[in-house]
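Here the structure is laid out as structure tokens; the discussion comes afterwards.
The values are calculated or read from the model by the stated rules, or taken from the named source; none is laboratory data. From a predicted model like this one, the values you see are computed outputs, not experimental measurements. Cβ placement follows ideal geometry from the backbone for every residue including glycine, while neighbour counts extend to all protein chains displayed.
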Amino acid sequence: MTGTPPRWVDEVLDRRRDSDAVAVVDLATGDQVSYRELARRTQALTDLLAPLVGRHDTVAMVLDKSVDAVVCMWAALRLGARYVPVDESLPPARTALLLDRCRPAVTVVHPRHLAAVQGCRAGTVVAAGPEVPDGFAGVVWDVRAEVDHVPSRFDGRHPDDQAYVIFTSGSTGGPKGVMISHRSVCALLDGVQRVVGFDEGMRYLNVAPFFFDASVVDLYSTFLVGGSVHLLPRLTMPTQLTRALETWRITDTLLVPSVLRMLLSRFSDIDRRDVSALRRLWFGGESCPVSLLRAMEKKVPGLVFVHGYGPTETTHSATLYVTTDIAGHDEEYLPIGTPLPGVDVLVVDDRLRPVPDGEVGELLIGGPQVMEGYCEDPERTAEVLVSLGSPEVRYYRSGDFVHRRDDGRLVFVGRRDDAVKVSGNLVHTSEVEAAALAVEGVVDCCAVPVDDPVSGRAITLFVLGRTAGPSADDGGGDEAGRLRAALARLLPPYMVPAKVVLLRDSDVGLSPTGKLDRGRLRALAQGWEKISR
């Protein structure tokens with residue numbers, strides 16, 4: 001990449017607007033667009049939304065991963081608005097909750113998902129044509145329309161304006177809308193480019209959904225250098241990955257460890273595919289065993305491994321560890337590395353005082369990549385953003401415990417709160433419990449993370465109050481299965497417990513406060529103890 005780093009995200013598209021290089025390939029539909037076509041489609045949608053959307057407004061998106069979704073992001077940014085990707089597979093109650101939290105001026109929806117926004121605080125509903133049902137009273141967007149691109153106007157705008165909001169699981173029983181500014185995204189792009197180094201020949205396979213912050217690195221790092229992003233549909237089998245890697249000669253991709261495990265599973269055909277074009281493998285989102293990386297290195301010798309660490313609140317990657325020497329690592333897990341340029345980190349005790357190198361403490365992250373705050377939630381924002389130092393710098397309290405090695409690299413130790421990664425998604429067990437307690441007949445419950453041979457981590461939910469137990473759900477129509485079905489109407493798929501166990505009061509002891517004995521239940525979930533009769 002040449003030139004100065006952008007100050008606004010949409011400046012990236014402006015710089016590429018006359019390029020005929022391929023920008024986006026939709027592997028589900030075969031749709032391919034050049035940067036020139038992408039800019040022209042974006043301008044058409046920008047013109048359509050201009051009377052409806054102003055600076056600081058919100059454009060919500062209930063769209064499948066597609067070229068259309070990418071166009072919608074760019075159009076929102078060019079209007080000085082923020083975009084909010086909403087998982088199109090969410091149950092209606094969850095969609096309504098997210099839209100109520102972010103209060104969009106416009107919600108752009110694929111026609112097949114229109115029912116999901118009915119009765120919601122969705123603002124003006126814009127249907128992404130052409131299959132709009134009869135009687136639709138909103139605005140119709142011709143997704144193939146193109147007009148001459150007009151460069152963005154930055155007068156009156158500020159790099160601290162918000163670029164997007166991504167919702168994550170909340171530790172107090174509700175989702176958190178993380179607000180990220182243009183300054184934060186541009187700092188991430190500049191830092192990643194300086195540490196890793198990309199080129200115009202990059203062909204990036206995007207596996208992460210757009211409502212997951214990993215997609216920010218996938219999309220904008222590629223667009224920054226004029227590479228091509230290849231959008232992989234929602235994963236259902238490992239052959240989707242291997243086929244895409246071979247067919248499109250993919251050079252880069254980011255996989256959470258559970259997906260990497262799938263890629264290397266006995267059901268994969270990676271041994272029969274030519275994936276030699278792969279240069280860099282990004283991974284993050286959860287701890288990744290070195291043994292898994294060694295297995296991947298055997299498939300693709302010379303592969304560069306990029307371990308990215310960073311909560312959504314710090315614009316995805318706050319630290320990086322880059323290596324080609326997997327064989328030389330004796331640890332079970334790689335370190336999370338060192339901060340990106342411009343990122344400041346502190347390792348502190350419970351009074352926010354720095355601890356000596358080698359001692360375990362909470363990781364605080366400061367610098368331009370730190371979020372603006374949580375959407376419509378100033379109290380929770382104040383809990384996690386603290387100002388320290390002279391002059392004062394805002395730091396995000398990650399809740400992650402780390403220690404700093406003699407070489408300056410950080411090593412992840414564990415979480416402070418009840419958060420766990422399930423298939424790369426951050427899940428607070430308290431939010432699962434809050435949803436279960438909203439189901440009629442549930443008196444008390446406890447969600448426990450357990451090791452899972454496929455996804456790495458999964459959730460087991462212990463429940464008091466439904467019926468006499470115990471009963472473990474195996475997907476059938478019993479009481480536990482009915483409870484899982486109820487939770488599936490309230491939670492994203494990755495948050496639905498893999499197993500529900502129904503208990504009687506006599507099955508486990510109660511804590512002094514009358515709650516379930518969580519320590520005992522963790523032992524039961526892991527199989528260390530058995531329920532006795």
Can you find, within the range 107-120, the residue that is farthest from the chain's Cα centre (by Cα) among those that are closer than 21 Å to M73 by Cβ and outside any helix (DSSP H, G or I)? C120
Contact list please: Cβ distance under 7 Å, first residue in the range 3-19 and of a type in the set (D, E), second residue not in a loop (DSSP other than H, G, I, E, B), pairs at least six apart or on different chains. D10/W74; D10/L77; D10/R78; D18/R36
Among the residues that make up the range 221-231, is at least one of them farther than 20 Å from A69 by Cβ, among the aliphatic types (A, V, I, L, M) and in contact with a Ser or Thr (Cβ under 9 Å, 6 or more places away or on another chain)? no
In the set G119, G129, the lone residue that is at pLDDT below 95, in contact with a helix residue (DSSP H, G or I) (Cβ under 9 Å, 6 or more places away or on another chain), closer than 30 Å to W248 by Cβ and surrounded by fewer than 19 Cβ atoms within 10 Å (Cβ to Cβ) is G129
Pick out the one residue from A458, A435, A447 that is outside any strand (DSSP E or B), among the aliphatic types (A, V, I, L, M) and modelled with pLDDT of 80 or more. A435
I'd like the residue in the range 29-40 that is at pLDDT below 95 and not hydroxyl-bearing (S, T, Y) and, out of all such residues, is surrounded by the most Cβ atoms within 10 Å (Cβ to Cβ). D31
Can you name every residue in the range 200-234 that is over 14 Å from the mean Cα position of the chain (by Cα) and among the aromatic types (F, W, Y)? Y204, Y220, F223
Total residues in the range 132-143, condition surrounded by fewer than 18 Cβ atoms within 10 Å (Cβ to Cβ), farther than 15 Å from V53 by Cβ and not charged (D, E, K, R): 6
Counting just the residues of the range 47-72 that are within 23 Å of V25 (Cβ to Cβ) and acidic (D, E), which one comes out farthest from the chain's Cα centre (by Cα)? D68
Tell me, which strands (runs of 3 or more DSSP E) wholly within the range 140-240 include 3 or more residues that are touching a residue at least 60 places away in the same chain (Cβ under 8 Å) and closer than 26 Å to R36 by Cβ? 228-231
Among the numbered conditions (1) farther than 26 Å from V216 by Cβ; (2) within 18 Å of the chain's Cα centre (by Cα); (3) among the hydrophobic types (A, V, I, L, M, F, W, C), tell me where C288 comes up short. (1)
Residue satisfying condition, being of a type outside the set (D, E) and over 30 Å from R380 (Cα atoms), within set V117, V192, V143, V106: V143
Residue that is farthest from the chain's Cα centre (by Cα), among those in the range 85-106 that are buried (at least 21 other Cβ atoms within 10 Å of the Cβ) and under 23 Å from D31 (Cα atoms): E88
By my count, strands (runs of 3 or more DSSP E) wholly in the range 296-379 with at least 2 residues that are in contact with a helix residue (DSSP H, G or I) (Cβ under 8 Å, 6 or more places away or on another chain) are 304-309, 319-323
Tally of residues being out of contact with any Gly (no Cβ under 6 Å at 6 or more places or on another chain) and assigned to a loop (DSSP other than H, G, I, E, B) across the range 256-285: 13
Kindly list the number of the only condition in (1) crowded, with 18+ Cβ neighbours inside 10 Å; (2) under 30 Å from E362 (Cβ atoms); (3) out of contact with any helix residue (DSSP H, G or I) (no Cβ under 9 Å at 6 or more places or on another chain) that fails for T251. (2)
Only listed residue being assigned to a helix (DSSP H, G or I), touching a residue at least 24 places away in the same chain (Cβ under 8 Å) and touching a strand residue (DSSP E or B) at 6+ places or on another chain (Cβ under 9 Å), chosen from L52, L77, L90: L77
Please name all residue pairs, on different chains or six or more residues apart, with Cβ atoms under 6 Å, provided the first residue is in the range 279-302 and is in contact (Cβ under 8 Å) with a residue 60 or more places away in the chain and the second residue is part of a helix (DSSP H, G or I). E286/P257
So how many residues does the range 379-414 have that are polar (S, T, N, Q) and either buried (at least 17 other Cβ atoms within 10 Å of the Cβ) or touching a residue at least 24 places away in the same chain (Cβ under 8 Å) (or both)? 2
Restricting attention to the range 30-41, report how many residues are in a loop (DSSP other than H, G, I, E, B) and touching a helix residue (DSSP H, G or I) at 6+ places or on another chain (Cβ under 8 Å). 1
Within the range 380-405, restricting to residues that are of a type in the set (V, I, T) and in a strand (DSSP E or B), the one that is modelled with the highest pLDDT is V386
Among the candidates L346, L426, single out the residue that is out of contact with any Cys (no Cβ under 7 Å at 6 or more places or on another chain), in the same structural domain as V450 (by TED's automatic domain parsing), hydrophobic (A, V, I, L, M, F, W, C) and buried (at least 18 other Cβ atoms within 10 Å of the Cβ). L426
